[in-house]
Amino acid sequence: MTLFDRVFSGNDAVYGLTEGAIDAAIAQHGEDKAVSFPDTAYSLPCYYSVTGTKVTTLKELKEALGVVKTLMTREKRLNDAFMSGIATALCAEFIEVLKYIDGATPYEEPCYGHLADAVIRELGVPLVTGDIPGVAVILGSAPSVEEGVALVKSYQAQGILVTLVGGIIDQVKEAGMNTGANVRVIPLGKDVTSVIHVVSVALRAALIFGNVTPGDAGTLMKYTMDRVPAFVNAFGPLDDVVVACGAGAIALGFPVITNETENIFRVPKSLIVQEDVSKFNATSLEARDIKIKITNIDIPVAFASAFEGEIIRRKDMQVEFDGSRVDCAELVHTCDASEVEDHKITVVGPEVDEMEEGSKNSIAYVVKVAGKNMQPDFEPVIERKFHNYINCIEGVYHTGQRDMQRIRISHAAYDAGFRIKHIGEVLYSQVKNEFDAVVDKCEVVIYTDPAECTRIRHEVAIPIFEKRDDRLANLTDESVDVYYSCILCQAFSPSHVCVVTPERLGLCGAVSWLDAKATNELDPNGPCQVITKERPINEELGSYEDVDEAVQKFSQGALEHVTLYSIMQDPMTSCGCFECICGIEPFSNGVVIANREYAGMTPLGMTFSEMASMTGGGVQTPGFMGHGKHFIASKKFMKAEGGIERIVWMPKELKEFIADRLNATAKELYGIDNFTDMIGDETVATDPEALVEFLTEKGHPALGLDPMM
Ligand code: SF4
Ligand code: NI
Ligand code: NI
């Protein structure tokens, strides 16, 4: 049999199964029965992105199958094989969606099945920054449990996101391996059709971040090929169905690596036979051109971004440090070169061995840095990375920052020999690695002695934090001479540009004006460039000739005008990694804001995901805007439309998070006390009528403003 025959026969088999399954479903439920995946605004995401048609009922699903059939041409040309591969994938999606009829939850622990839009948006930033350098799809059963687990772990140690389909799921389970999105190992499902759930992620990424028009299959495939660093590892023996799925993967630009030698035909860079499973990793990275940044740190446990989301439960922890209960601090301190001894790590106070198991302790670490180009403004930028550095240690968990951090060290890490001094080792090597442009020498002092921690916290750290806050609070858009662009997200959202100002941070929430400034100085040719502001056009809108020129240049002409303070006129674009979205609510003349964490309904009749599907992709969408959480309390928030008094609704959690700052801004701008009490939330209303009733009762100022459109 030729490769063509195998693809075609696999495709035919899956098509037959799909047809049977749809007919059976229609017989059971009737053809008007609704079909959908949960938590997505993209219907059947694969079918929708390839054809531009949204399927909502079994009847439409049956019609869609007719469209799929037209892809299944049978000439022996490469394109026919690719299209049959895509057809196989679409059939798999149909089979999978049938499992979700009537709100069923067909997948159980540890399998995920369909992944929500929110998961894809969360993957956006790490994929952009290269923090997730690739996506591995492992299919079938490895020759042995050991080989399978070793392969999964090898990717995990590189930060690669691993998805599992079929027998490998039981193999990692048998080995007792921890799986889940938080450790970047996602078992999808045991049926081969569940592989569609990762394809669905890749295709939705193209719609969400790449602004690919659904139905534009050519651009879609180019996007996945150029920008989604995925690849497939398929364990033999391969049946024809898997071969057909593989053809679909290759059509999307994802190489397939297999240990099958019989009846397989090598296609350079696309279908690769690697008999030695221990070489799958290297072969795959080479085929997909993935470069891994190597971080060799001298500690007894692994260090990789895959461990960033790992959670250490109370029962699994050896000791904990908790800034909310005892005195803790983390600080970068710029010193004179003579005061810093490079790579010196000192622990002042007890080591973990001397701490009672399960106890809560103090910790304060001061990272002393020196360098000709070092500036105190960089200190908070470096400090903010500590969370990420410490979290990447296997078996160590970190949350919070400044003097409110919390760290847990697991039994397993402790048993492997991990001690406090290794935290110093990690901080040292990462700071030297990442900030080599400004840090020439670095020394770490870690205090665990409670009295010393109290001293460091109250006498050293807090005064420095306060000074920094004052500086930041005094920074306004008017008080600075330049703004900065950020194009970090262009790796995924090719025409997106953020303009970062002191009062408007990047929409991801992670890049403040000071961060952008530091990024620019650390890497003058990097993602953040200076934007002058010498030629204002309209101060109310926040429009400048300089800004327009910059966005034109950095978007390669995709954008012509961008205002900084308007949601209606030439608003800033959104990539996809916004912390929040705000959208106009016509009945109250106001805007509704939803944050990513909020899964419920908003008074716009849309969830966060649905609002997000109208906002991303680096295009301007007047009336909708992605933004960072902290922007909500800014005096520049929608200044052109009247500012924060337009805010009529926010999820309760977000409201509480931003309350102090938002109330202070409302008091200053409008003389309103406790403004957040006037803003609705999901406990008050999730429909416009109830919301307007609530706002009327509270005398919310938006009701008296001009309509926004
Ligand atoms: Fe992406 Fe904008 Fe954040 Fe830069 S500031 S990382 S472009 S969202
Ligand atoms: Ni204290
Ligand atoms: Ni982004």
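Structure values in brief
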item	result
Length added when fully stretched, LYS360-ARG74, from 0.36 nm per residue minus Cα-Cα	96.2 nm
Fraction of accessible area attributable to carbon and sulfur, the chain (%, probe 1.4 Å)	51
Mean separation of Cα contacts under 8 Å (6+ apart) over length of region 305-460, as relative contact order %	40
Three-way shape label, region 587-670, alpha-carbon gyration tensor, a/c 1.5	prolate
Convex hull volume of region 339-393 per residue (C-alpha atoms, cubic angstrom)	132
Whole-number percent relative contact order across the chain, with pairs defined as alpha carbons under 8 Å at least 6 apart	10
Packing rank of 434-443, 6-15, 684-693, where each peptide gets the mean count of other beta carbons within 10 Å, highest leading	6-15, 434-443, 684-693
With eigenvalues of the C-alpha gyration tensor scaled by 5 and rooted, region 380-460, Å	20, 18, 12
Estimated D of region 305-460 in µm² per second, where Rh is the Kirkwood radius over Cα pairs and Stokes-Einstein applies at 20 °C, 1.002 mPa s	138
Per residue convex hull volume, Cα atoms of the chain, in Å³	165
Solvent exposure, largest accessible area first (probe 1.4 Å, DNA, RNA and ligands not counted), of ARG596, ARG535	ARG535, ARG596
Pairs beyond 22 Å (Cα-Cα), from LYS385/LYS421; LYS54/LYS76; LYS293/LYS629; LYS173/LYS385; LYS372/LYS441; LYS153/LYS173	LYS54/LYS76; LYS293/LYS629; LYS173/LYS385
In Å, descending, principal axis extents of the Cα set of region 515-629	43, 30, 22
Label-to-label distance, nm, for residues given as ALA282 and ASP5 (7 Å Cα→Cβ offset)	3.6
Largest to smallest principal axis extent of the C-alpha atoms in region 482-704, angstrom	52, 34, 27
Along principal axes, Cα extents of region 117-288, largest first, whole Å	42, 36, 28
Debye-sum result for region 1-73 in log10 I(q)/I(0), which assumes one identical scatterer on each alpha carbon, at q = 0.28 Å⁻¹	-1.28
Sequence of LYS533, LYS269 from largest to smallest accessible area, 1.4 Å probe	LYS269, LYS533
Pairs of alpha carbons in region 185-287 whose separation is greater than 16 Å (percent)	58
Full-stretch length increase - GLN552, LYS173 - with 0.36 nm per residue and alpha-carbon distance subtracted	131.3 nm
The chain - mean residue ellipticity at 222 nm from DSSP helices (-39,500 (n - 2.57) per run, n ≥ 4, rounded to 500)	-11000 deg cm²/dmol
Distance from region 540-586 to region 385-454 (C-alpha centre basis), Å	38
Rg [Å, one decimal], Dmax [Å, integer] - region 126-200, C-alpha atoms	11.7, 34
Estimated FRET transfer efficiency when R0 is 45 angstrom, pair VAL480-GLU697 (beta carbons, to 0.05)	0.60
Share of Cα-Cα pairs in region 477-583 lying beyond 20 Å, as whole percent	31
Point-to-point label distance, ASN674-ASN388, nm (Cα→Cβ direction, 7 Å offset)	4.1
Calculated log₁₀ intensity ratio I(q)/I(0) where the Debye formula runs over C-alpha points of region 229-276, q = 0.20, 0.21 Å⁻¹	-0.56, -0.62
Chain lengthening between GLU597 and ARG314 when straightened (0.36 nm per residue, less Cα-Cα)	99.5 nm
Region 480-540: relative contact order in percent, alpha carbon pairs under 8 Å with at least 6 residues between	38
Interchain or long-range residues, amide H under 5 Å from SER574's placed H	GLY618, VAL619
For region 415-494, alpha-carbon Rg and Dmax in angstrom	18.8, 55
Rotationally averaged projected area of region 670-709 (alpha carbon convex hull; nm²)	3.3
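The values are calculated or read from the model by the stated rules, or taken from the named source; none is laboratory data. Quick caveat: nothing in here was measured; it's all calculated off a predicted structure. Here the Cβ is made from the backbone with ideal geometry for all residues, glycine too, and neighbour counts use every protein chain on show. Heavy atoms of the whole protein, side chains included, go into the accessibility calculation; ligands, DNA and RNA do not. Shrake-Rupley method; radii C 1.70, N 1.55, O 1.52, S 1.80 Å.
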